[in-house]
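Right, one structure below, let's go through it.
The values are calculated or read from the model by the stated rules, or taken from the named source; none is laboratory data. All values reported here derive from a predicted model rather than from experimental measurement. A quick note on method: Cβ atoms are made from the backbone with ideal geometry, for glycine too, and the neighbour counts reach across all protein chains shown.
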């Protein structure tokens, strides 16, 4: 079940109670710090842990809450980690730290609509996060790849212009091998033995460092070869995207 942390001023307890009833009716669990009494535990620790285990921070903006240092701390701790959803009563101006965020009007006469808006905001955030996670895509299958004497393996790289790809190419018995980066058109020439049209190879052995910045949006391949060798090589490709 989706869970939200309700950030509010103590004086607005009645608003919190009615909001909690409606949200839970819509399948959203609510955490209210004043209802979670833990004698002896520091308040900051309790609140921090509760926020970090929630899916969103719902802030009730009233004249009381915008002056509350606790509410400001809760917003600050949630910033960047989850959606912050401001619910404001009419006539209240959001604090500076929430400027630029669209607020939901706290309409006591239509709390069901408000609950739907909260759920939609959380769903949009999760969708955005899923898209961001997709950017953390795999460069390619790690293998291992067996390369027979006189043969090669071509591995399509999930690379786009501006990517910085680093890692290692690891031969399991620390034997030497050759590798290169080649784009699709040159790969065709390579397969047709037009050797002058593909990139020069480096030679590695063991765990060979790999560091490459993608210069254009083409289909790029990693080639592994062992020309002139008499035994099969087994190479694992351990590549990742370097954070910008």
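Here is how the numbers come out for the structure above:
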{"read-out": "Positions within the stretch 22-34 being assigned to a helix (DSSP H, G or I) and surrounded by 12 or more Cβ atoms within 10 Å (Cβ to Cβ), in sequence order", "value": "22, 23, 24, 33"}
{"read-out": "Odd one out for residue 146, checked against (1) at pLDDT 90 or above; (2) farther than 30 Å from residue 69 by Cβ; (3) surrounded by 14 or more Cβ atoms within 10 Å (Cβ to Cβ)", "value": "(3)"}
{"read-out": "Filter result for the condition that a residue is touching a helix residue (DSSP H, G or I) at 6+ places or on another chain (Cβ under 7 Å) and under 22 Å from residue 126 (Cβ atoms), over 47, 32, 59, 71", "value": "59"}
{"read-out": "Flag for residue 130 being in the same structural domain as residue 15 (by TED's automatic domain parsing), assigned to a helix (DSSP H, G or I) and at pLDDT 85 or above", "value": "no"}
{"read-out": "For residue 76: the one exception among (1) within 21 Å of the chain's Cα centre (by Cα); (2) farther than 17 Å from residue 96 by Cβ; (3) in contact (Cβ under 8 Å) with a residue 12 or more places away in the chain", "value": "(2)"}
{"read-out": "Flag for residue 52 being assigned by TED's automatic domain parsing to the domain that holds residue 8 and surrounded by fewer than 17 Cβ atoms within 10 Å (Cβ to Cβ)", "value": "yes"}
{"read-out": "Selection count, the stretch 84-113, where residues are in a strand (DSSP E or B) and out of contact with any strand residue (DSSP E or B) (no Cβ under 6 Å at 6 or more places or on another chain)", "value": "1"}
{"read-out": "Residue check for residue 102: out of contact with any helix residue (DSSP H, G or I) (no Cβ under 7 Å at 6 or more places or on another chain) and closer than 14 Å to residue 118 by Cα", "value": "yes"}
{"read-out": "First in the stretch 89-105 and assigned by TED's automatic domain parsing to the domain that holds residue 120, second anywhere and surrounded by fewer than 10 Cβ atoms within 10 Å (Cβ to Cβ) and at pLDDT 90 or above, Cβ under 7 Å, 6 or more apart", "value": "105/90"}
{"read-out": "Test: residue in the stretch 17-34 that is in the same structural domain as residue 120 (by TED's automatic domain parsing), more than 23 Å from residue 119 (Cβ to Cβ) and either at pLDDT 90 or above or within 28 Å of the chain's Cα centre (by Cα) (or both)", "value": "no"}
{"read-out": "Boolean, residue 11 is free of Cβ contacts under 8 Å to residues at least 60 places away in the same chain, part of a helix (DSSP H, G or I) and touching a strand residue (DSSP E or B) at 6+ places or on another chain (Cβ under 7 Å)", "value": "no"}
